[in-house]
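The values are calculated or read from the model by the stated rules, or taken from the named source; none is laboratory data. Predicted model, so just to flag it, every value in this text is computed and none were measured. Cβ atoms come from the backbone with ideal geometry, glycine included; neighbour counts cover every protein chain shown. Areas reflect the complete protein model, heavy atoms only, side chains present, ligands, DNA and RNA absent. Shrake-Rupley method; radii C 1.70, N 1.55, O 1.52, S 1.80 Å.
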Protein chains: 2
Amino acid sequence: MTQTLSLVPARIDTYRQPVVYMAEDCHICRAEGFAAQTRVRIDLGERWIVATLNVVATGGWLKVDQAALSVSAWSALGARPGDRGRFSHPEPAASATRIRAKAYGERLAGRDFAVVVRDTLDNRLSEIELAAFLTACTGDRLDEVETEALTRAMLDAGDRLDWEGRRVLDKHCVGGLPGNRTTPIVVAIVAAAGELIPKTSSRAITSPAGTADTMEVMAPVDLDAAALRKVVEAVGGCVVWGGALNLSPADDHFIRIERPLDLDSTGQLVASVLSKKAAVGSSHVLIDMPVGPTAKVRSRSAADALGARLLAVGRRMGLDVTLHISDGAGPVGRGIGPALEAADVLAVLRRQADAPMDLRSRALDLAGGLLDIASGVHGKGRARAAALLDSGAAEAKFMMICAAQGGFREPEAAPARHEIIAPRAGMLETIDNRIIARIAKLAGAPRQKCAGIRLDSRLGDRVEAGQPLYTIHAATRGELAYARAYAEAHPEVMPIREVTP
Amino acid sequence: MTQTLSLVPARIDTYRQPVVYMAEDCHICRAEGFAAQTRVRIDLGERWIVATLNVVATGGWLKVDQAALSVSAWSALGARPGDRGRFSHPEPAASATRIRAKAYGERLAGRDFAVVVRDTLDNRLSEIELAAFLTACTGDRLDEVETEALTRAMLDAGDRLDWEGRRVLDKHCVGGLPGNRTTPIVVAIVAAAGELIPKTSSRAITSPAGTADTMEVMAPVDLDAAALRKVVEAVGGCVVWGGALNLSPADDHFIRIERPLDLDSTGQLVASVLSKKAAVGSSHVLIDMPVGPTAKVRSRSAADALGARLLAVGRRMGLDVTLHISDGAGPVGRGIGPALEAADVLAVLRRQADAPMDLRSRALDLAGGLLDIASGVHGKGRARAAALLDSGAAEAKFMMICAAQGGFREPEAAPARHEIIAPRAGMLETIDNRIIARIAKLAGAPRQKCAGIRLDSRLGDRVEAGQPLYTIHAATRGELAYARAYAEAHPEVMPIREVTP
């Protein structure tokens, strides 16, 4: 039932989706009944992948006895020119029936999630099957028991760091506030206090920048587990991209689909956060949850529901979880986008006069909370955190962390910029987090590191007509023009309330 | 904001998903920030499409000032070699926020569905966005008002046939019974009775054959609206593929995603059926609903719920809907798969001695039901239907229909076959519709017309050890081997109950 073809690199980048190109008159297509979009199993030695078939017309660039592989398929199979792959029909993915059941509203058990996670990691699920799974889990469609089961399935599918019983602190922010980039500051303060804080972060899911995107502007973040351990043993803390490690590796597959769909699921979110925390070996986790009308968590009751789920599943997983509810009314700091947020982080660590005070204050709240957890004494942590920041100890620690991760670099400025000005005088009373994030994304963030928004006016400011409200930063003129067009069509992002003199 | 590239055919078949190939060092990719999997808008004159970008490495088969289009993208754009396309970022699909809202469980209004349908037809939604929409509508997640709204949105997006107030009969079977191919027989009988029955059918969604797949074995089914009208005015009836017409055209886009996901939604199903019936101009619709433990409708209560929705939405749409509940215990006829089912249809119409009596009886029930509706007198239709079949009038009418559609042809037999034999003696008491359909699909049905299953034993038969239960038919040896392996691993498809002598 298996037949072979010579493998060649197609040198076509299809991002993470593995694609195989076969000739229209290829004998295997005929014998096996393969047609465009058929999912095909390709074996090479011990490795195998399932790829989507695209069919190349006779007389094209592909020989009839060759199969060409997309960049991701070539690398996943570890192929070298001249290798012969064996082609066959994949067995039906065992998880497909579980995904269907969930779509119909049934509850899934631990073994169901384990099968979905395994098939996801083996690339046995198509993009639309993954989209169906994630849509079926949207909102509150996973209950507490299912959430624990998904968390364990995601944890068990990857590696796990072991810190030999030492106290390991961690923080996480449930996103939604553009520019809220406290992590590098918090890690620097907590590590400067002598605590262990091996922080892994994600790239953006639906936001203009994830912590990993921002940190990457200042230092390499693609460290493997051995490199991470070396950094943390040397300097006490790190801020690395979790995706370069094999910690809860299914999460990145889910993110690839969730990102364009812009969907959130309480269960998926809790499983994503806690499986990563458990995998990195954390013992104590502080979770920051900004609440505001346009934040990810929009109301106190939503925060309570999500918080209760995080605490409950954390307890089931043996993690000491502490919640911190913060104000999510508007963006934090001045910058939105990887390099612009990195500039804010550095301004705070360097105690610059123009450093955003709201970012500083939030970072001190969280670092203080972690130091309270570490000491077991409530209320003294914040002052200690402030002292470590003000003394320059945190800045020095941050530079040590960057050096240990591969070397510090300054953020670069964007070549293309456009100021959006106030159409009239008045009070700036709200900023729509979702629209401002959308403009930053249209400008190219997080793909383009320098792209995003810099706020020139802040909440509560009285502005004059013609005064700049914010500046769009972009790497290319096309992206700048596109973001600008969208911004000009959405003045409600920063409404100006006229005030009678 | 728009820039142009020379368009060339990539001659790569990606099925319906439009793909554009651009060179890694193309100036537009750099200027616009396009990367692999970015969705790109391409304008050519008045036409435009949104395609998924795949990036070809420098020095590959693509020149830096060219963009190559997949077969479906090339054809959708109506491009000719030498044309220059304009490239830009597509505006965000307006329907994306509606899809998200539905995934979170919100109710959608008529304008929301209209936007989803329009964006679907304009190819502005990615496959994963369509998968999210369909998953969010799975099961009973659309209520009656939403179902009507979706039905009208699908209807309004296409053409509508007008029969000038004449009585137009139609039938539909809610699938799930392999081999239940009554339509060609019913249409032949009803048209032979002098009624108007312009039947459009779909290709298989999750089954081994749709009526259009089966009919296509015997006559062309890809007729446009003008050709359909000509056939029906000449001979009273037709059996054509609805997808070649522009009647409720979004349905095929939904089917392309539903098929691999194997998901059903009550609302989606009702909207699919009734929008097509309204578009074809039907006034009276008889809906057959087979109920059985492994049929699509598994219980009388599920049939009642689906039936109530069909009646309610039909009433709102001004359609006279009649329900017919039938036995869905097992497959109908002997054949499962396009050509094998066509052979059954012809055996009944030709009154062959080996014609499957269950298929004949079901076709007479439905034709009789339609003749009752037409005459307004209940109970006399079935005898009249039997007379039209037995006299050969229905066979003659069927041949006229095939000739009018483009010419009759006999079904062809499959080159590769394998008999599955009874492992022991006993009674054959159940056949699992889902597993038998799965085996037929693995054998290549409906893609391969000749592929499928022929039942050698029937429900209620007493079989001896070694006696054939069914034969797998396939177009290729690879598909035969694959279906056979699956069949041998699933003997529960036809369990034999041992009987004490």
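Things to note:
- Residue within the range A:465-487 that is open to solvent by 20 Å² or more (accessible area, probe 1.4 Å) and acidic (Asp, Glu) present: no
- On the stretch given as the range B:26-56, residues that are of a type outside the set (Lys, Arg), modelled with pLDDT under 90 and buried (at least 16 other Cβ atoms within 10 Å of the Cβ) total 10.
- Residue within the range A:488-497 that is open to solvent by less than 20 Å² (accessible area, probe 1.4 Å), under 30 Å from residue A:297 (Cα atoms), within 27 Å of the chain's Cα centre (by Cα) and modelled with pLDDT of 90 or more present: yes
- Selected residue (criterion: nearest to the other protein chains (Cβ to nearest Cβ)) from residues of the range A:104-130 that are in contact (Cβ under 8 Å) with a residue 60 or more places away in the chain and either β-branched (Val, Ile, Thr) or not in a loop (DSSP other than H, G, I, E, B) (or both): A:127
- Residue selected from the range A:383-438 under the condition among the β-branched types (Val, Ile, Thr) and under 16 Å from residue A:469 (Cβ atoms), by the criterion surrounded by the fewest Cβ atoms within 10 Å (Cβ to Cβ): A:421
- Figure legend. Inter-residue proximity from the range A:485-501: first residues in contact (Cβ under 8 Å) with a residue 60 or more places away in the chain, second residues of a type in the set (Lys, Arg) and not in a helix (DSSP H, G or I), beta-carbon distance below 8 Å, spacing 6+ or different chains. Indicated pairs: A:496/A:424; A:498/A:424; A:499/A:462.
- Some residue of the range A:176-194 being under 21 Å from residue A:267 (Cα atoms) and part of a strand (DSSP E or B): no
- Count - residues of the range A:1-25 that are open to solvent by less than 30 Å² (accessible area, probe 1.4 Å) and more than 13 Å from residue A:69 (Cα to Cα): 0
- Enumeration of residues in the range A:77-87 that are surrounded by fewer than 20 Cβ atoms within 10 Å (Cβ to Cβ) and not in a loop (DSSP other than H, G, I, E, B): A:84, A:86
- Answer from A:275, A:248 - the residue that is part of a loop (DSSP other than H, G, I, E, B) and touching a Ser or Thr at 6+ places or on another chain (Cβ under 7 Å): A:248
- The residues listed here are A:93, A:101; of these, the one that is assigned to a loop (DSSP other than H, G, I, E, B), within 13 Å of another protein chain (Cβ to nearest Cβ), open to solvent by less than 50 Å² (accessible area, probe 1.4 Å) and over 30 Å from residue B:60 (Cβ atoms) is A:93.
- Going through (1) open to solvent by 60 Å² or more (accessible area, probe 1.4 Å); (2) in contact with a strand residue (DSSP E or B) (Cβ under 8 Å, 6 or more places away or on another chain) one by one, residue B:380 falls short only on (2).
- Residues located in the range A:445-464, provided they are in a strand (DSSP E or B) and either more than 20 Å from residue A:218 (Cα to Cα) or open to solvent by less than 50 Å² (accessible area, probe 1.4 Å) (or both): A:452, A:453, A:455, A:462, A:463
- Yes/no for residue A:111 being open to solvent by 50 Å² or more (accessible area, probe 1.4 Å), touching an Asp or Glu at 6+ places or on another chain (Cβ under 7 Å) and at pLDDT 95 or above: no
- Per the conditions (1) over 30 Å from residue B:327 (Cα atoms); (2) in the same structural domain as residue B:330 (by TED's automatic domain parsing), the sole criterion not satisfied by residue B:152 is (2).
- Residue list for the range B:246-260, restricted to those being touching a Lys or Arg at 6+ places or on another chain (Cβ under 9 Å) and surrounded by 23 or more Cβ atoms within 10 Å (Cβ to Cβ): B:247, B:248, B:250, B:251
- Any hit, the range A:481-493, residues being in a loop (DSSP other than H, G, I, E, B) and outside the structural domain of residue A:341 (by TED's automatic domain parsing): yes
- Inside the range B:202-235, residues that are closer than 28 Å to residue B:472 by Cα, among the β-branched types (Val, Ile, Thr) and open to solvent by less than 40 Å² (accessible area, probe 1.4 Å) make up a count of 5.
- Residue selected from the range B:130-157 under the condition out of contact with any helix residue (DSSP H, G or I) (no Cβ under 6 Å at 6 or more places or on another chain) and over 17 Å from residue B:312 (Cα atoms), by the criterion least open to solvent (accessible area, probe 1.4 Å): B:139
- Condition met for residue B:164 (over 16 Å from residue B:249 (Cβ atoms), away from chain A (no Cβ under 14 Å), at pLDDT below 95 and open to solvent by 20 Å² or more (accessible area, probe 1.4 Å)): yes
- Answer residue from the range B:67-76, given it is within 11 Å of residue B:49 (Cα to Cα), of a type outside the set (Phe, Trp, Tyr) and open to solvent by 40 Å² or more (accessible area, probe 1.4 Å) and is farthest from the other protein chains (Cβ to nearest Cβ) among those: B:76
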